[in-house]
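Remarks on the structure that follows.
Derivation of every value follows stated rules applied to the coordinates shown; laboratory data play no part. Everything quoted here is computed from the prediction, not taken from an experiment.
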Amino acid sequence: MGSPLAPVLANLFMGPFEKLWLKNFPGSTILFYRRYVDDTFCLCNSNRDATIFFDYINSRHPNINFTSYSYKVGLIKTLVNKAYKINNTWLGFHEDINKLTNILKNNLFPAHLIEKIINRYIGGTQSNHHPLGSLPTTSPTFYFKLPYIGNFSAITPKKIRHFITRYCNDLDIKLVFSSFKISNLFGVKDPVPDGLRSHVVYKLVCAGCNACYVGETCRHFSTRVREHLVSDRASHIFKHLKILHIVTLFAQQITFMF
């Protein structure tokens, strides 16, 4: 409908057909019918009557195809159920529900429909829900990694679980064993100085003002910096130096890409 003539042509084409279709509709009387260009709004006595009327007008002309619009109630139920399951406290659930409500309203869902579904869910109409105010509380799980050392690794979990059960029963601790390699004790590579790193994204910050320059290079970083300082025509850094600023490099602000 991008043409300026589209509204006029739509009214000329649809006007006579609409009157004839509404007059000859065999079902219940349509309570309200209005159309704006290619958007139609109508009210029926029931969902069944709306479905019958929708099928009727879609069968009137081979070149006209109406599409129905309805609110996805199942989407609201799914999102509320997800918010319930990922929270273990009432406060967290309440905050997520407020965020969810705002998002749904911004997407043109009716406020009364949102509140109805949320209240029905919280009210415990489904058998697998907890009553309001008694959301299950679970302690966080702590994972610890230990090196695998033969029989010692088979005995250690039992002793640790016995100790936890006796002195801190409310903690949920999981032990994970990893293979131990001698190579982990030795560094096989020397650290590469920042100036010799390649394929990096870097940031140059001016010490005299808030100006900064972000660039990337596939060559050694020190080589690229020297190019900035000696290139009179192409380098923005060199041009900036002409106004008597001092450009300094903050190594901690360099992000390396591997």
Could you name the lysines in cross-link range of Lys239, using Cα to Cα under 28 Å and dropping any fewer than eight places away on the same chain? Lys203
Under 5 Å between amide H atoms, partner at least 5 residues away or on a different chain: which partners does Ile173 have, H built in plane at 1.01 Å? Phe142
Gain in span if fully extended, Ala154 to His94, counting 0.36 nm per residue against the direct Cα distance: 17.2 nm
Row for region 1-82, column shape: gyration tensor on C-alpha, a ≥ b ≥ c, rounded if a/c < 1.5 i.e. under 1.5, prolate if a/b over b/c, else oblate; value oblate
Count of Lys pairs (Cα-Cα under 24 Å; at least 8 positions apart or interchain) in region 21-118: 17
